[in-house]
Amino acid sequence: MPVTTPQAPLPQLGPLLTLKIERLAYGTDAIAHTDEGKTVFVQGGVPGDTVEAALVQDGPSFSKAHVTRVLEPSADRVQSPCPFASACGGCPWASVSYQAQLSAKRDNVVDALTRIGHFDPERARQLVAPCVQPGEPWGYRNKIELAFERRGQRAVVGMHDAGGTGVVKVDRCLLLESRYQKLAKAVSGALSYLANSHGLAIDRVGIRASRRTRDVEVALWTEPGPFPRAQVAKVLGDATSATSVVRVLTKGPKKARRVVGVERLSGAGSWTELIAGERMTVSAPSFFQVNTKGAEKLVELVLEGLQPGESDVAMDLYSGAGTFTLPLARRTSWVDAVESYGPAVRDLRRNLERAGLDNADPVGGDADREFPDSDADVIVVDPPRAGLAQDVVRKLSDQPARAIAYVSCDPATLARDLARFEQEGTFAVESVTPVDLFPQTFHVENVTILRRR
């Protein structure tokens with residue numbers, strides 16, 4: 001049986017509403033309208049439902065509510081296979097059929113292009129392809145994160161609850177690769193024991209597990225200070241058979257902590273994955289796509305869109321540990337790679353060396369300040385959620401490249417940046433392909449191909 005944290009009831013404003021759920025928003029809520037036409041964001045609704053909902057926020061232009069009872073369930077309402085879905089906040093779309101999830105993700109990308117990018121609605125619909133399903137809707141992740149909470153003298157390790165107010169203990173995570181789904185329970189039990197006996201304070205816990213290499217890494221994110229390294233390594237190793245246990249040291253305010261070091265407690269001190277024929281080593285602080293099959297689909301779409309040739313010079317901005325740099329280096333004469341995060345730059349250099357590739361130059365630094373001097377024939381940009389700075393869009397537009405592949409995890413900033421590219425006048429958007437790297441959530445990755453006019 002799942003152990004859950006009781007959630008305080010949400011405040012209710014006025015009488016219950018009867019609402020017909022229309023569509024899923026880009027976020028955790030669904031959208032409905034009152035009889036008067038006012039937009040209501042509804043937590044727990046599925047498109048096609050008729051629900052009874054409690055109003056929890058009533059603003060001048062929209063309201064917020066949460067479902068108290070489903071009066072008429074939608075044909076797209078399903079029973080989640082995860083027993084923790086209603087308590088854990090990790091899978092807000094778990095009650096929505098997978099085909100409806102894919103449809104909603106495409107619709108949200110089209111909406112962002114029209115509403116934020118000001119693309120013509122018909123053109124936006126033509127540009128955005130159906131959302132691609134690269135793998136299974138459950139058991140697709142190579143990484144999960146556990147939350148850590150102190151309750152008096154006890155420590156609770158699990159998932160953030162749906163209300164964002166506490167931690168839910170879980171005995172498995174169905175999003176993690178199937179053979180590793182019970183790692184959550186093993187790590188939770190081991191850390192609860194260690195924390196209660198040693199007074200440990202942990203910010204969060206990362207678990208990476210690869211079905212392909214069988215590597216398992218447990219990363220503990222903590223502030224610097226005394227730490228029972230040997231005992232933590234032994235207890236976690238016995239509980240998980242991890243190939244690597246590390247401690248990531250961070251400093252600074254909670255919402256803006258910076259990594260100041262990584263300690264290897266046992267094993268390799270890093271994690272490896274096989275992707276698109278490449279073996280990649282990734283350190284705990286470095287970004288790597290959580291969906292390996294999905295990442296391979298991104299590589300495939302980027303290469304199809306760019307068609308790199310042997311004599312081409314390529315540019316890879318926000319390169320990370322080399323998801324796109326390595327396949328580009330195998331197909332072109334030279335790759336200029338820029339990455340701002342120090343651990344990822346070191347991982348990229350190591351991955352290039354292991355692959356025997358010497359035709360790429362990884363540079364550490366901001367993409368604007370370290371923008372490559374060479375002229376590129378093909379370009380990949382894979383920025384963080386904030387998207388591209390205006391100056392970066394301008395510099396890219398000045399390149400003689402025949403095509404740019406823009407990989408984005410945020411439809412809003414993608415739409416803004418694509419509008420900027422078209423305003424610059426050098427490149428036009430040719431296609432946008434949503435790829436579902438994050439089933440059961442509202443998040444979606446997109447590969448956009450911009451072609452020189």
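The values are calculated or read from the model by the stated rules, or taken from the named source; none is laboratory data. Just so we're clear, the structure is a prediction, and the values are computed from it rather than from any experiment. Reconstructed Cβ throughout: ideal geometry from the backbone, glycine too, with neighbour counts over all protein chains shown. For accessibility, only protein heavy atoms count, side chains too; no ligands or nucleic acids. Shrake-Rupley method; radii C 1.70, N 1.55, O 1.52, S 1.80 Å.
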**Prompt:** Over segment 146-255, what is the percentage of antiparallel beta bridges among all DSSP beta bridges, to the nearest 5?
**Reply:** 70 percent
**segment 113-190: C-alpha gyration tensor shape, a/c 1.5 cut-off, then a/b vs b/c** = oblate
**Cα gyration tensor shape for segment 326-446, rounded if a/c is under 1.5, else prolate or oblate** = oblate
**Asked** To the nearest 10 square angstrom, what accessible area does residue 409 show with a 1.4 Å probe?
**Response** 30 Å²
**Fill in**
With every protein chain kept in place and a 1.4 Å probe, the residues 422, 217 fall, from largest accessible area down, as 422, 217
**Prompt:** Using 1/(1 + (r/R0)^6) with R0 = 25 angstrom and r between the beta carbons of residue 230 and residue 179, what's the FRET efficiency to the nearest 0.05?
**Reply:** 0.30
**Request:** Find the percent of Cα-Cα distances in segment 306-391 that exceed 19 Å, and round it to a whole number.
**Result:** 31 percent
**Item:** Value of relative contact order over the chain, rounded to a whole percent, pairs C-alpha under 8 Å and six or more apart
**Value:** 13 percent
**Request:** Could you do me a favour and compute the accessible area per residue for the chain, 1.4 Å probe, result in Å²?
**Result:** 44 Å²
**Request:** Over segment 328-453, calculate the relative contact order: mean separation of alpha carbon pairs under 8 Å at least 6 apart, over the residue count, as a percent.
**Result:** 20 percent
**Asked** So what does the Cα-only Debye profile of the chain read at q = 0.09, 0.10, 0.14 Å⁻¹, as log10 I(q)/I(0), no solvent term?
**Response** -0.65, -0.80, -1.39
**Prompt:** Among all the lysines, which ones have a C-alpha under 24 Å from residue 169's C-alpha, if same-chain residues fewer than 8 places away are not counted?
**Reply:** 143, 182, 185, 234, 254, 255
**Fill in**
Amide H contacts under 5 Å for residue 435, restricted to residues at least 5 apart in sequence or on another chain and with H modeled in the peptide plane, are 132, 445, 446, 447
**Fill in**
Other residues with Cβ under 13 Å from the Cβ of residue 48 give, with Lys and Arg +1 and Asp and Glu -1, a net charge of -1
**Message:** If you split all Cα-Cα distances of segment 1-152 into 5 Å bins from zero, what percentages do you get per bin, shortest first?
**Reply:** 2, 8, 14, 18, 18, 16, 13, 7, 3, 1, 0, 0
**Message:** Accessible area of segment 213-354 with a 1.4 Å probe: how many percent of it is carbon plus sulfur?
**Reply:** 49 percent
**Complete:** Note on segment 380-453: alpha-carbon gyration tensor, axes a ≥ b ≥ c; rule is a/c under 1.5 for rounded, else prolate if a/b larger than b/c, else oblate; result prolate
**Prompt:** Share of antiparallel DSSP beta bridges in the chain, in percent to the nearest 5?
**Reply:** 70 percent
**Request:** Output the relative contact order of segment 186-234, whole-number percent, from Cα pairs under 8 angstrom with separation of 6+ residues.
**Result:** 30 percent
**Prompt:** More than 17 Å apart: what percent of Cα pairs in segment 12-52 qualify?
**Reply:** 22 percent
